[in-house]
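Structure record follows, encoded as structure tokens.
The values are calculated or read from the model by the stated rules, or taken from the named source; none is laboratory data. Remember, it's a predicted structure, so these values are computed and weren't measured experimentally. Note that each Cβ is placed from the backbone with ideal geometry, even for glycine, and that neighbours are counted across all protein chains shown. These accessible areas exclude ligands, DNA and RNA; they are computed on the full protein's heavy atoms, side chains included. Shrake-Rupley method; radii C 1.70, N 1.55, O 1.52, S 1.80 Å.
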Amino acid sequence: MKTIADALSKELTEDLEWREAELAIMRKQLLLTSPKSLQERVLLRASLAMIYAHYEGFCKFALDLYLDYLEKLGLKITQLSWPLSALALQSFQNELRSGSLNSKAFFEKLFFEFNDRLDQEARYGRPPQIANLWPELLSEWLVKLGLPSKETDAGRTSLDSLVQNRNHIAHGKKLTIADPAALDAYAHIALLAMHEVAVGMVSSFDTKSYRRTAATSTQLNHSAL
């Protein structure tokens, strides 16, 4: 029987495959060019821009898809792990912190609406539409979703450099990538981060780690809102 994890894995794998195919074609073309030639310099720049585009494109796609799948479960906030329940309560927290409530209205909202919110089906805010997917931002979202970010954190320096160099290219600055080996290093770290995102999401549905482990723990965490 096909599981939710299977369906999610299929969509993520298909998206990864066409992106990796494009990068492989670009790399093959690059290796056919003469070293240190103008054509090689052009393809190195174009390839780096494409590596970043697929890193950003896949991660954004995966984050939205994962949240879509979570919402389809129809779970209440009280049924979720703490990171996800906190994310689902973000809009309520923002309302409390908006500054538009006087003291009386604040406590009425907190004490009378809070429990009702916990029993509602969870809905999640989506990552903002940003121009640059810095690794710090990706890690932040993975933590919010209760997903691993080991590879992203370990490769932060290289991913920062990838984003910066892509910006230099986009802004018309002269940027020279040393050689195909330097480009391969960027591709390697980007693909590690992309695969970590995909594997973490599928594993979450396999193990149901998105669900709370104990009611007491969840209630205590909620009380710290």
Check: Is it true that L75 is among the hydrophobic types (A, V, I, L, M, F, W, C), open to solvent by less than 10 Å² (accessible area, probe 1.4 Å) and either touching a helix residue (DSSP H, G or I) at 6+ places or on another chain (Cβ under 9 Å) or at pLDDT 95 or above (or both)?
Finding: no
Notebook entry, point to check: Name the residues in region 121-143 that are modelled with pLDDT under 95 and over 30 Å from I169 (Cα atoms), would you?
Noted result: E121, A122, R123, Y124, G125
Next item on the list: Scan region 28-42 and report the pairs whose first residue is under 11 Å from P180 (Cα atoms) and whose second residue is of a type in the set (D, E, K, R) and open to solvent by less than 100 Å² (accessible area, probe 1.4 Å), with Cβ atoms within less than 7 Å and a gap of 6+ or a chain change.
Entry: L30/E40; T33/E40
Notebook entry, point to check: If we keep just the residues of region 132-181 that are touching a residue at least 24 places away in the same chain (Cβ under 8 Å) and of a type in the set (S, T, N, Q), which is farthest from K60 (Cα to Cα)?
Noted result: T176
Note to self: I need a count of the residues in region 119-171 that are open to solvent by less than 50 Å² (accessible area, probe 1.4 Å) and not in a loop (DSSP other than H, G, I, E, B).
What the structure shows: 15
Next item on the list: Collect the residues in region 7-21 that are more than 17 Å from the chain's Cα centre (by Cα) and open to solvent by less than 70 Å² (accessible area, probe 1.4 Å), keeping them in residue-number order.
Entry: A7, E20, A21
Checklist line | Failed condition for A86, given (1) open to solvent by less than 40 Å² (accessible area, probe 1.4 Å); (2) hydrophobic (A, V, I, L, M, F, W, C); (3) modelled with pLDDT of 95 or more | finding: (3)
Checklist line | Selected residue [at pLDDT 95 or above and out of contact with any Gly (no Cβ under 9 Å at 6 or more places or on another chain)] from L191, L175, L220, L118 | finding: L191
Next item on the list: Consider F107 carefully, then state whether it is open to solvent by 70 Å² or more (accessible area, probe 1.4 Å) and at pLDDT below 90.
Entry: yes
